[in-house]
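The values are calculated or read from the model by the stated rules, or taken from the named source; none is laboratory data. This is a predicted model, so every value here is computed, not measured. Neighbour counts run over all protein chains shown; Cβ positions are idealised from the backbone, glycine included. Surface areas here come from the heavy atoms of the whole protein model, side chains and all, with no ligands, DNA or RNA. Shrake-Rupley method; radii C 1.70, N 1.55, O 1.52, S 1.80 Å.
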Amino acid sequence: CGNATTAQQVITFIDTTAPEFTSVPEDYTTECSNELVLDLATASDLCTETTVTIEEVSTDGECPNEYTLTRTFTATDDCGNASSATQVITIVDTTAPEFTFLPADYTAECSDVLSLEDATAADNCGAVDIAIEESSANDTDCPQAYVLTRVFTATDLCGNATSATQTITVVDTTAPDFGLEDLEVSLPCDDYDLITVDATDNCGSVTIAYEETSVSGGCVIPVGTLLRVYTATDDCGNSSTFEQIIL
């Protein structure tokens, strides 16, 4: 009979599902001198292609060599559905500087000019400041002898520090010098006490004492001869002698 009726069904396809990340780089902490590993994130979508973009933000840390790098990954499909994931990379400075040169220990005579060299140091990430602290001590009976201790401290911009020590030992081993004194002196006996002999020391004062020996005759005999032996001693016990004949 050909009678007919019609009905319509409408099926609407929509895309409201955001992409899902299949891999996101893990957070990590690294030293400031290390090369950063900047891996990419990946994502997939149920229906369309996915585009992953990256936004990086750096935040200063507690010192110039430290900071936090926040990487935000955004995965977007063709319909504008998006999802995000974040990776945080923490850059730290925990490595102390290392000395590249340190003056060697040495021993010097008290009359020498001390060589006071500076130490040098390098850091893995930035500038280095080197401070020097000097102290001296003397545990001997010699006033001119002492030990000079020089402590070098190298500090980087983040407060990491390392120290090293140089020891300079100052000694007095040089005896006084009589110089050019007369080996023979001819004087009347009453004038013997007028004879003077001088000596100098490289570092301090000198004490001079002498002993006399009658070689032949003495003052009773006009042709008498005396041998006078002088001993010059410095503050540290170093001594030298000088013999003089008095006619």
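Residue ranking by accessible heavy-atom surface, 1.4 Å probe, largest first, among 102, 40, 226 comes out as 40, 102, 226.
Against the criterion of solvent-accessible heavy-atom surface with a 1.4 angstrom probe, 21, 178, 13, 101 sort, most first, into 13, 101, 21, 178. Put a plus charge on the Cβ of each Lys and Arg, a minus charge on the Cβ of each Asp and Glu, and nothing anywhere else: the dipole of the stretch 1-92 about its Cα centre is then about 540 debye. Straightening the chain between residue 6 and residue 122 buys 33.0 nm, computed as 0.36 nm per residue apart minus the Cα-Cα spacing.
Charges were assigned to the Cβ only: +1 to each Lys and Arg, -1 to each Asp and Glu. The resulting dipole of the chain about its Cα centre is roughly 760 debye.
If I compute P(r) over Cα pairs in 10 Å bins from 0, in percent from the structure I just sent, which labelled value in [x] 6, 26, 31, 18, 8, 6, 4, 1, 0; [y] 7, 27, 29, 19, 12, 5, 1, 0; [z] 6, 15, 12, 11, 10, 9, 8, 7, 6, 5, 4, 3, 2, 1, 1, 1, 0, 0, 0 lines up? Among [x] 6, 26, 31, 18, 8, 6, 4, 1, 0; [y] 7, 27, 29, 19, 12, 5, 1, 0; [z] 6, 15, 12, 11, 10, 9, 8, 7, 6, 5, 4, 3, 2, 1, 1, 1, 0, 0, 0, the one derived from this structure is [z].
Loop only per DSSP, at most 10 neighbouring Cβ atoms within 10 Å: give me the GluC sites (Glu not before Pro) in the stretch 2-110, ordered by residue number.
The qualifying sites are 26, 35, 49.
The relative contact order of the chain comes to 13 percent, based on Cα pairs under 8 Å that sit 6 or more residues apart.
In the chain, taking the dipole from charged Cβ atoms about the Cα centre, the farthest positive-side position among 97, 196, 28 is held by 28.
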